[in-house]
Every structure is written in structure tokens, then in C-alpha cells.
1. Where in segment A:25-124 are there helices (runs of 4 or more DSSP H), lying fully within it, with 3 or more residues that are closer than 22 Å to residue B:38 by Cβ?
2. Cβ contacts < 9 Å: first residue at positive phi, restricted to segment B:53-74; second residue surrounded by 15 or more Cβ atoms within 10 Å (Cβ to Cβ) and modelled with pLDDT of 95 or more, any location; separation 6+ or different chain. Result?
3. Which of the residues belonging to segment A:1-34 are at pLDDT below 85, surrounded by 10 or more Cβ atoms within 10 Å (Cβ to Cβ) and among the small types (Gly, Ala, Ser)?
4. Any idea which residue in segment B:23-44 is surrounded by the most Cβ atoms within 10 Å (Cβ to Cβ), counting only those that are hydrophobic (A, V, I, L, M, F, W, C) and at pLDDT 65 or above?
5. Quick check on this structure: which one of B:49, B:95 is touching a residue at least 24 places away in the same chain (Cβ under 8 Å), within 25 Å of residue A:71 (Cβ to Cβ) and within 11 Å of chain A (Cβ to nearest Cβ)?
6. Among the residues of segment B:105-132, which ones are surrounded by 15 or more Cβ atoms within 10 Å (Cβ to Cβ) and assigned to a helix (DSSP H, G or I)?
7. So residue B:112 ticks every box in (1) farther than 22 Å from residue A:62 by Cα; (2) of a type in the set (D, E, K, R); (3) facing chain A (nearest Cβ under 10 Å) but one. Which box is left unticked?
Amino acid sequence: MKTPMARARGLGSSGTGTHHWLQERISSVALIPLFIWAIWSAVFLAGADYFIFTGWLSEPINSVLMILLIILTAYHAALGLGVVIEDYVHHEGAKMIMLIAQKLFFFALAIAGLFSVCKIAFGA
Amino acid sequence: MAASGPTPKNAPERPLSPHLQVYRMSNLTSLTSILHRITGVGLCLGLLIAVWLVFAAATGEEAFAQAVTCLSSSAGQVVLIGLSWAGFYHLLTGIRHLFFDMGYLFKIQHAETSGVLIILGSIFFTAATWLYLWG
């Protein structure tokens with residue numbers, strides 16, 4: 001998605017235009033039904049013990065939706081928190097370190113969630 | 001703020017863009033806007049808790065029981081109630097942002113009315129969820 005002017009002039013000093021904005025919107029739209037599913041599931045699972053919870057999570061539909069929820073939330077959070085850091089942290093060095101650290105943090109969190117759901121789903 | 005380094009001594013006096021402190025924060029539009037950010041940052045904790053719970057379940061029965069005990073404590077319940085409100089609020093303002101992106105709701109009247117509806121709606125959905133849980 002580019003304006004005709006941007007296409008004519010190239011991408012400017014940032015090297016990118018609408019990519020970040022668009023990724024944030026697309027993930028947000030996907031997260032609308034996923035969030036409603038998450039709340040509905042949390043209410044359904046309230047008070048569940050270990051066996052009920054793992055049994056529920058190993059149902060393929062729940063495994064897939066949980067993986068989507070975790071990955072898309074981590075992605076959306078990394079995009080959003082990045083903007084917050086860019087807006088409020090004015091020291092260049094601290095800003096760079098925080099931007100990289102939060103990306104790595106959400107990446108690690110998504111991997112931890114992904115692995116955990118897979119382990120439960122495959123019954124290891 | 002983006003430019004670093006000293007300003008040249010003979011630099012002309014140029015107008016600065018209005019800084020955050022000079023805005024009147026008493027109005028509804030700026031309040032709903034900043035709350036979208038604050039709830040967004042807060043919801044990172046929600047993701048952390050969700051992954052923690054799933055990770056604990058993958059670790060074993062004992063770890064899962066520990067996580068559940070933590071979340072069932074009164075402090076845990078307060079955090080979960082706060083996070084559920086933050087989630088509903090961020091969802092509703094997020095949907096409003098999508099309308100903004102399409103060019104709707106920009107009139108002050110519409111922005112304020114939708115703001116009131118969002119605040120009331122987020123409280124309603126939070127209350128409905130927890131009353132259903134406890135009922």
C-alpha cells in the first residue's frame with residue numbers, strides 16, 4: 001500500500017512506509033475473534049484442574065487457536081510496544097537497546113507458548 | 001526531540017510543536033486515546049500470564065497447580081479482573097481505531113459519544129464476565 005507520490009519518490013530516509021502500520025492493523029483484526037474466543041474459553045475453563053485443562057488444550061481446534069492467539073498477540077504487542085518506546089524514550093542508545101530487547105522478549109515468549117502447546121497437544 | 005546534539009548559537013527562534021504537558025487532558029478524546037496505550041502496555045502482562053499458564057501445564061501437574069493457586073489468590077483475581085477490563089477496553093478502542101482509519105467518527109461529537117460508549121461497554125463486559133463466573 002503506497003501513495004502514488006511515495007512510489008514516484010522511492011521510500012525516503014526510513015526505507016519503509018506503511019508496512020508497520022498495516023501489520024498492526026491486520027494483526028488487530030485477526031485478534032478480535034481470537035480475544036473473544038480467549039475470554040469465552042477462560043470462563044469455560046475457570047476452576048479446571050490439570051487434566052481438564054490439558055485435555056481441552058490438546059483438542060486440535062483449541063491447540064491451533066491458542067497458538068494463533070499467542071503468536072499474533074506477541075507480534076501485535078511487539079509492534080505496539082515498539083511505538084511506545086520510540087515515542088517516550090529519547091536517548092538513542094537506550095531506545096535501541098529497549099527496542100531490540102522487547103522484540104527478543106516477545107519472540108522468546110511466543111516460542112515458549114508454541115512449544116508448550118505442541119508438547120501438550122502431542123501428549124509428550 | 002529526535003535531533004540530538006547542541007543547537008547552533010545563531011539558530012533562529014522557530015516555533016516548537018506543542019508538547020504533551022500543554023494539552024488539556026480533561027477531555028474525553030485524549031483520555032480514551034491514552035488509555036488505549038496504557039491498556040495495550042498492560043495487556044503484555046496478560047500475554048505473559050497466558051504463556052506462563054500454558055508453560056506450567058506443559059511442565060507438569062504440580063507446576064500447573066502452583067500457577068492456578070497464584071491466579072486464584074485475591075491478588076491474582078484483582079490482576080485478572082484488571083486485565084479483563086483492559087482487554088475489553090483495548091478491543092473496543094481498537095475497533096474504533098479501525099473506524100478512524102476508514103475515515104469515520106472524526107467529528108468531535110462522534111468521537112466523544114463513542115468514547116462514552118466504549119468506557120461503559122468495557123465496564124459492562126467486564127462485570128458481565130465476572131458476575132457470570134461467580135454466579
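The values are calculated or read from the model by the stated rules, or taken from the named source; none is laboratory data. Computed from a predicted model, the values in this text were never measured in an experiment. Glycine gets a Cβ as well: all are built from the backbone with ideal geometry, and neighbour counts include every protein chain shown.
1. Hits in segment A:25-124: A:60-88, A:92-121.
2. B:60/A:50
3. Within segment A:1-34, A:6, A:17 qualify.
4. Filtering segment B:23-44 for residues that are hydrophobic (A, V, I, L, M, F, W, C) and at pLDDT 65 or above, the one surrounded by the most Cβ atoms within 10 Å (Cβ to Cβ) comes out as B:43.
5. B:49
6. Passing the criteria: B:111, B:112, B:114, B:115, B:118, B:119, B:121, B:122, B:125, B:126, B:129, B:130.
7. (3)
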